[in-house]
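What follows is one structure encoded as C-alpha coordinates, with my remarks underneath.
The values are calculated or read from the model by the stated rules, or taken from the named source; none is laboratory data. The structure presented is a predicted model; accordingly, all values stated were derived computationally and were not measured. Here the Cβ positions follow ideal geometry from the backbone for every residue, glycine too, while neighbour counts run over all protein chains shown. What goes into the accessible areas is simple: the full protein's heavy atoms, side chains included, and nothing from ligands, DNA or RNA. Shrake-Rupley method; radii C 1.70, N 1.55, O 1.52, S 1.80 Å.
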Amino acid sequence: AAVKQGIDSAVPRLGAALLDSDPTVRVVAIQTLAEFHKPLLVDDILALLGSGSEEVDHAVIRALGLMGARQAENSLLEYLENTSPTGRIEYALLETLGKISAASASKLICSRYLSSDVVDIRRLAVETLGRLGDASSLKAVESALGDRHWSVRVAALQVMGSLGGVWEI
(Lines give C-alpha, C1' and ligand atoms only; values in the text may rest on other atoms or scores of the structure.)
Protein backbone atom coordinates (compact mmCIF):
# COMPACT_ATOMS: atom_id res chain seq x y z
CA ALA A 1 0.00 0.00 0.00
CA ALA A 2 2.86 2.38 0.80
CA VAL A 3 4.33 1.99 -2.68
CA LYS A 4 0.93 2.72 -4.23
CA GLN A 5 0.51 5.82 -2.05
CA GLY A 6 3.70 7.25 -3.47
CA ILE A 7 7.02 8.38 -2.14
CA ASP A 8 5.93 11.72 -0.68
CA SER A 9 3.44 10.30 1.78
CA ALA A 10 5.01 6.91 2.52
CA VAL A 11 8.71 7.68 3.08
CA PRO A 12 8.37 9.70 6.30
CA ARG A 13 6.21 6.97 7.82
CA LEU A 14 8.60 4.27 6.71
CA GLY A 15 11.50 6.28 8.12
CA ALA A 16 9.76 6.33 11.49
CA ALA A 17 9.16 2.57 11.23
CA LEU A 18 12.92 2.02 10.81
CA LEU A 19 13.25 3.10 14.45
CA ASP A 20 10.57 0.77 15.79
CA SER A 21 11.60 -1.46 18.70
CA ASP A 22 10.23 -4.55 16.92
CA PRO A 23 12.76 -5.95 14.40
CA THR A 24 9.92 -7.35 12.28
CA VAL A 25 8.53 -3.85 11.77
CA ARG A 26 12.02 -2.59 10.83
CA VAL A 27 12.41 -5.42 8.29
CA VAL A 28 9.05 -4.66 6.65
CA ALA A 29 9.88 -0.95 6.49
CA ILE A 30 13.24 -1.72 4.87
CA GLN A 31 11.66 -4.08 2.36
CA THR A 32 8.96 -1.56 1.51
CA LEU A 33 11.49 1.19 0.91
CA ALA A 34 13.35 -1.18 -1.40
CA GLU A 35 10.19 -1.66 -3.47
CA PHE A 36 10.53 1.92 -4.71
CA HIS A 37 13.71 0.76 -6.52
CA LYS A 38 15.52 4.01 -5.82
CA PRO A 39 17.94 4.99 -3.06
CA LEU A 40 15.74 6.29 -0.24
CA LEU A 41 16.84 6.82 3.38
CA VAL A 42 20.07 4.96 2.62
CA ASP A 43 21.94 6.41 5.61
CA ASP A 44 19.07 5.50 7.95
CA ILE A 45 18.96 1.98 6.56
CA LEU A 46 22.76 1.58 6.75
CA ALA A 47 22.63 2.64 10.40
CA LEU A 48 20.69 -0.56 11.11
CA LEU A 49 23.43 -2.81 9.70
CA GLY A 50 25.09 -4.70 12.52
CA SER A 51 22.26 -4.00 14.95
CA GLY A 52 22.34 -7.56 16.26
CA SER A 53 19.47 -9.03 14.26
CA GLU A 54 20.43 -11.22 11.31
CA GLU A 55 16.99 -10.66 9.78
CA VAL A 56 17.46 -6.89 9.88
CA ASP A 57 21.00 -7.16 8.49
CA HIS A 58 19.78 -9.37 5.65
CA ALA A 59 16.93 -6.98 4.85
CA VAL A 60 19.33 -4.01 4.87
CA ILE A 61 21.79 -5.64 2.50
CA ARG A 62 19.15 -6.94 0.07
CA ALA A 63 17.31 -3.60 0.06
CA LEU A 64 20.46 -1.65 -0.78
CA GLY A 65 20.97 -3.91 -3.78
CA LEU A 66 17.39 -3.50 -4.96
CA MET A 67 17.67 0.26 -4.55
CA GLY A 68 20.92 0.37 -6.49
CA ALA A 69 22.39 2.34 -3.60
CA ARG A 70 25.92 2.90 -4.90
CA GLN A 71 26.62 5.25 -1.99
CA ALA A 72 26.50 2.21 0.31
CA GLU A 73 29.57 0.63 -1.32
CA ASN A 74 32.16 1.67 1.26
CA SER A 75 29.94 0.81 4.23
CA LEU A 76 29.10 -2.63 2.87
CA LEU A 77 32.70 -3.39 2.02
CA GLU A 78 33.83 -2.25 5.46
CA TYR A 79 31.17 -4.43 7.08
CA LEU A 80 32.32 -7.42 5.04
CA GLU A 81 35.98 -6.86 5.88
CA ASN A 82 35.55 -6.12 9.60
CA THR A 83 32.93 -8.64 10.71
CA SER A 84 32.47 -12.38 10.53
CA PRO A 85 29.07 -12.57 8.85
CA THR A 86 27.09 -15.78 8.58
CA GLY A 87 27.04 -17.53 5.22
CA ARG A 88 23.61 -16.10 4.44
CA ILE A 89 24.75 -12.55 5.11
CA GLU A 90 28.01 -13.06 3.25
CA TYR A 91 26.09 -14.33 0.21
CA ALA A 92 23.73 -11.34 0.33
CA LEU A 93 26.69 -8.97 0.60
CA LEU A 94 28.38 -10.44 -2.46
CA GLU A 95 25.14 -10.24 -4.44
CA THR A 96 24.57 -6.63 -3.43
CA LEU A 97 28.14 -5.58 -4.15
CA GLY A 98 27.60 -6.90 -7.67
CA LYS A 99 24.23 -5.18 -8.05
CA ILE A 100 25.68 -1.80 -7.12
CA SER A 101 28.82 -2.39 -9.24
CA ALA A 102 31.15 -1.97 -6.26
CA ALA A 103 34.46 -2.01 -8.12
CA SER A 104 36.38 -1.44 -4.88
CA ALA A 105 35.28 -4.92 -3.77
CA SER A 106 37.11 -6.64 -6.62
CA LYS A 107 40.36 -7.28 -4.76
CA LEU A 108 38.61 -8.70 -1.68
CA ILE A 109 36.36 -10.92 -3.78
CA CYS A 110 39.33 -12.25 -5.73
CA SER A 111 41.44 -12.96 -2.66
CA ARG A 112 38.78 -14.30 -0.30
CA TYR A 113 35.92 -15.78 -2.30
CA LEU A 114 37.30 -17.30 -5.50
CA SER A 115 39.05 -19.91 -3.37
CA SER A 116 36.19 -20.53 -0.93
CA ASP A 117 35.40 -24.11 0.05
CA VAL A 118 31.73 -23.39 -0.73
CA VAL A 119 30.85 -23.90 -4.40
CA ASP A 120 27.93 -21.46 -4.30
CA ILE A 121 30.19 -18.73 -2.93
CA ARG A 122 32.83 -19.33 -5.62
CA ARG A 123 30.17 -19.24 -8.34
CA LEU A 124 28.65 -16.05 -6.88
CA ALA A 125 32.12 -14.50 -6.67
CA VAL A 126 32.61 -15.12 -10.39
CA GLU A 127 29.18 -13.68 -11.20
CA THR A 128 29.82 -10.64 -9.00
CA LEU A 129 33.19 -10.02 -10.62
CA GLY A 130 31.42 -10.21 -13.97
CA ARG A 131 29.08 -7.44 -12.87
CA LEU A 132 32.04 -5.30 -11.83
CA GLY A 133 33.51 -5.70 -15.29
CA ASP A 134 36.93 -4.15 -14.69
CA ALA A 135 40.13 -5.57 -16.20
CA SER A 136 41.43 -7.07 -12.96
CA SER A 137 38.07 -8.76 -12.38
CA LEU A 138 38.17 -10.27 -15.84
CA LYS A 139 41.59 -11.80 -15.15
CA ALA A 140 40.25 -13.33 -11.94
CA VAL A 141 37.22 -14.70 -13.78
CA GLU A 142 39.59 -16.22 -16.32
CA SER A 143 41.35 -18.08 -13.50
CA ALA A 144 37.99 -19.58 -12.47
CA LEU A 145 37.84 -21.42 -15.79
CA GLY A 146 40.00 -24.04 -14.07
CA ASP A 147 37.76 -24.40 -10.99
CA ARG A 148 37.12 -27.93 -9.74
CA HIS A 149 33.32 -27.53 -9.95
CA TRP A 150 31.48 -27.40 -13.25
CA SER A 151 29.03 -24.68 -12.19
CA VAL A 152 31.85 -22.26 -11.37
CA ARG A 153 33.46 -22.98 -14.74
CA VAL A 154 30.12 -22.38 -16.50
CA ALA A 155 29.68 -19.08 -14.65
CA ALA A 156 33.19 -18.07 -15.69
CA LEU A 157 32.46 -18.96 -19.33
CA GLN A 158 29.26 -16.90 -19.25
CA VAL A 159 31.07 -13.89 -17.83
CA MET A 160 33.96 -14.22 -20.26
CA GLY A 161 31.53 -14.48 -23.16
CA SER A 162 29.55 -11.43 -22.14
CA LEU A 163 32.39 -9.15 -21.04
CA GLY A 164 35.41 -10.40 -22.88
CA GLY A 165 36.75 -9.39 -26.21
CA VAL A 166 37.62 -11.59 -29.15
CA TRP A 167 40.44 -13.35 -27.27
CA GLU A 168 38.22 -14.27 -24.33
CA ILE A 169 35.45 -15.60 -26.55
> Does any residue of region 53-73 turn out to be in contact with an Asp or Glu (Cβ under 9 Å, 6 or more places away or on another chain), open to solvent by 50 Å² or more (accessible area, probe 1.4 Å) and of a type outside the set (A, V, I, L, M)?
Replying inline: yes
> What is the one condition in (1) surrounded by fewer than 17 Cβ atoms within 10 Å (Cβ to Cβ); (2) over 10 Å from the mean Cα position of the chain (by Cα) that Ser101 does not satisfy?
Replying inline: (2)
> So which residues in region 21-55 are closer than 18 Å to Ser75 by Cα, among the hydrophobic types (A, V, I, L, M, F, W, C) and in contact with a helix residue (DSSP H, G or I) (Cβ under 7 Å, 6 or more places away or on another chain), if there are any at all?
Replying inline: Ile30, Ala34, Leu40, Leu41, Val42, Ile45, Leu46, Leu48, Leu49
> When you look at Ala92, is it out of contact with any Pro (no Cβ under 7 Å at 6 or more places or on another chain), small (Gly, Ala, Ser), at pLDDT 90 or above and closer than 19 Å to Val141 by Cα, yes or no?
Replying inline: no
>> If I filter region 120-139 for residues that are of a type outside the set (S, T, N, Q), open to solvent by 10 Å² or more (accessible area, probe 1.4 Å) and either in contact (Cβ under 8 Å) with a residue 60 or more places away in the chain or in contact with a Cys (Cβ under 9 Å, 6 or more places away or on another chain) (or both), do I get at least one hit?
In response: yes
> What are the residues in region 22-43 that are outside any loop (DSSP other than H, G, I, E, B), among the charged types (D, E, K, R) and surrounded by fewer than 16 Cβ atoms within 10 Å (Cβ to Cβ), if any?
Replying inline: Asp43
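Where in region 56-169 are there helices (runs of 4 or more DSSP H), lying wholly inside it, with at least 1 residues that are in contact with a Ser or Thr (Cβ under 7 Å, 6 or more places away or on another chain) and not hydroxyl-bearing (Ser, Thr, Tyr)?
73-82, 87-99, 119-132
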> For region 80-91, does any single residue satisfy the condition of being under 11 Å from the mean Cα position of the chain (by Cα) and small (Gly, Ala, Ser)?
Replying inline: no
